[in-house]
Every structure is written in structure tokens, then in C-alpha cells.
Amino acid sequence: MPSAELTAAIERLAATARARVFCLDFEGRRYWVKRQGQPRLRSSLLMQRILALVFGLDALKPARSGRLADEAAALRHLHAGGWPVPEVITATPNRLVLGDGGSGIENLLNAEPDAARRRALIEACADLLLRLHAAGEWHGGAQIRNFSWRDGAPGLLDLEDHDLPGMNLAERQARDCLLLLYSLTRYDKNPAVPLLAPLAQRLVQGASPAVRAEIARLHRRLGAPIRLARPFAHKAGRDVRQALAAEAALGAALAQ
Ligand SMILES: Nc1ncnc2c1ncn2[C@@H]1O[C@H](COP(=O)(O)OP(=O)(O)O)[C@@H](O)[C@H]1O
Ligand SMILES: [Mg+2]
């Protein structure tokens with residue numbers, strides 16, 4: 001239980017904070033407060049539509065009631081299993097207080113000018129995801145923005161989409177892999193240090209046979225609408241070009 005002083009400090013900040021998620025430093029420790037509400041939908045609308053089409057993805061829709069409680073349960077479960085996720089300090093239906101999981105990985109990626117070092121950070125996140133999968137677990141929202149970096153190692157953040165009702169383990173893990181890959185396209189900007197192709201290969205080769213088969217199935221389904229866009233790619237927006245790049249990387253990795 002947090003002390004009455006910490007609770008009071010959180011209440012004071014919550015009254016004025018505009019962001020749904022905010023942090024506060026208290027007695028030498030950093031805490032994160034996450035409130036119930038609409039999650040930021042930063043991934044492209046196109047990708048959301050395609051993923052929703054392919055997966056029937058409730059998980060990409062705005063917050064459902066009780067999701068913070070789901071997230072707390074998932075965080076506690078993974079924390080108990082020794083996975084690098086933030087500690088749950090308190091959880092109520094409309095507020096989660098978490099320990100610090102480190103820096104959001106995208107802050108590091110955006111501050112890192114060296115493409116090879118960016119790729120190494122991303123590979124470490126992919127490897128953490130693969131280890132998680134090998135242990136029979138999954139993330140549920142494995143876009144790169146939901147990884148952190150602490151003490152020289154990656155961590156997992158934002159388990160809000162962890163509950164994926166109606167999906168089996170292979171489907172959940174395949175979805176993780178695709179969400180990670182599609183979230184990386186904007187970091188693949190230095191042709192001398194390719195990112196998507198080796199990452200797709202790493203994810204496909206690291207996947208279990210069942211997950212690999214599921215990735216292939218999703219790729220076939222995703223591929224059709226994405227390939228329809230190919231002739232218009234030069235006119236289309238960045239989202240479409242990025243989706244095409246990820247689709248091509250995945251296709252090459254699956255063909256090996
Ligand atoms: N426990 C935590 N430790 C470190 N950073 C956090 C923590 N919780 C949230 N953050 C930061 O706040 C951002 C938003 O939190 P997140 O849980 O991803 O919510 P959402 O994406 O639904 O807004 C994260 O991307 C991360 O940068
Ligand atoms: Mg998030």
C-alpha cells in the first residue's frame with residue numbers, strides 16, 4: 001500500500017494533470033499513474049483498420065471498462081514470473097499506480113543518431129518478446145512504443161491490451177510479432193543499416209512452428225489489401241508505404 005503522503009501527492013497531481021498517464025517523483029522513487037480513459041491512438045488509422053479487419057481486433061478499439069484492472073492482473077502475473085514489467089503499487093478500476101519501468105524506448109530511439117545502435121536496441125526488444133513467447137506468455141500490445149529500457153535491458157510497458165478474448169496463444173503471439181514489426185517502419189530510414197528485413201527474419205525464425213504458421217496465415221490475409229495499394233504507393237501517404245515495406249519484409253522472411 002502506498003503511504004497516505006504518496007496518495008495525497010497523486011491526488012493533487014491528478015486534479016491538474018492533463019495527460020491520462022503521468023509520473024511523479026516521491027521520496028526518491030518514480031511512480032507512474034495511469035487513469036481510465038481513451039488510450040492515445042497513435043498508430044496510423046490505416047493500420048488500425050487493416051489490423052481490425054484482419055483480426056477482428058477489439059483490442060485496438062478505445063478503452064473498455066475494467067481494462068485497467070485487466071492490466072494490473074497481467075502486470076502482477078508477469079512480474080511474479082520475473083519478467084521486466086513495472087511493479088503494481090495500487091490498482092483501482094479507474095487508476096493504476098505503477099513503479100518505474102525505465103525510459104520509454106522511443107525516447108532513446110529518437111535521441112540515438114546511430115542507426116546500428118538503434119537497431120541493436122530494437123533487436124533487444126524483439127528478443128525479449130521472443131523469450132516471453134517461448135515461455136508461453138504474450139504482450140498484447142507489442143508495438144515498439146510499449147517497450148522500455150532500464151539498466152541496460154529492455155522492459156515491457158502497457159499491458160492494457162493484454163486480454164485478447166477469443167484468441168488462442170499462437171494468435172496472440174503472432175499478433176505481437178506483427179504489431180512490433182509494423183511499428184518499426186519509421187525507424188527503417190538508413191538503407192546502409194536495414195532494419196525491417198532482419199527484424200522480420202528474427203521474429204519469424206524465433207517463433208514456434210504454430211506461431212510461424214499463424215504469422216504466415218495473417219500475412220496472406222494482410223497481404224491482399226496491402227498489395228492492392230502497391231500501384232498507388234508513390235502517391236499514397238507514408239502509412240501505406242510503410243505498410244508495404246513491412247509486408248515485403250515479412251514475405252521475404254517467411255519465404256526463407
Ligand atoms: N511504469 C512505467 N514506467 C516507465 N514509463 C511509463 C510507465 N507507465 C507509462 N509510462 C510512459 O507513459 C507512456 C504511456 O503509458 P502507456 O501505459 O503506454 O499508456 P497508453 O499507451 O495507453 O497511453 C508509455 O509509453 C511510457 O513512455
Ligand atoms: Mg502505450
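What follows draws every value from the coordinates through simple rules; no lab data is involved. Nothing here was measured: the structure is a model prediction, and the numbers come from that model. We place every Cβ from the backbone using ideal geometry, glycine too, and count neighbours over all the protein chains shown.
Distance between Cα centroids, region 88-103 to region 120-164: provide it in whole Å.
A separation of 17 Å, based on Cα centres.
Need one number: the % of Cα-Cα pairs in the chain sitting beyond the 25 Å mark. Spell out each step's value before the answer.
Values: 14653 of 32640 pairs.
When every Cα pair of the chain is considered, 45 percent fall beyond 25 Å.
When a/c reaches 1.5 or more, the comparison of a/b and b/c decides; with that in mind, is region 80-136 rounded, prolate or oblate per its Cα gyration tensor?
Oblate.
Of 87, 137, 11, which has the largest mean-square fluctuation in a 10 Å C-alpha GNM of the chain?
Largest GNM mean-square fluctuation: 11.
In whole Å, largest first, what are the principal axis extents of the Cα atoms in region 124-244?
That gives 42, 35, 26 Å along the principal axes, largest extent first.
Dipole of the chain, Cα-centred, from +1 at each Lys and Arg C-beta and -1 at each Asp and Glu C-beta, to the nearest 20 debye? Please list the in-between numbers first.
On the way: 35 positive and 26 negative charges, 218 e Å.
Magnitude of the dipole: close to 1040 debye.
Which of the listed residues, 231, 13, 206, is farthest toward the dipole's positive end in the chain, when Lys, Arg count +1 and Asp, Glu count -1 at the beta-carbon?
Highest projection toward the positive end goes to 231.
Along each of the three principal axes of the Cα atoms of region 115-155, give the extent in whole Å, ordering the values from largest to smallest.
Over region 115-155, Cα extents along the principal axes are 31, 18, 17 Å.
Go ahead and estimate [θ] at 222 nm for the chain from helices alone: -39,500 (n - 2.57) per DSSP H run with n ≥ 4, summed, over the residue count, rounded to 500.
My calculation for the chain gives -16500 deg cm²/dmol from helical runs alone.
For region 206-251, give the magnitude of the charge dipole about the Cα centre (Cβ charges: +1 Lys/Arg, -1 Asp/Glu; no others), in debye to the nearest 20.
It comes to approximately 140 debye.
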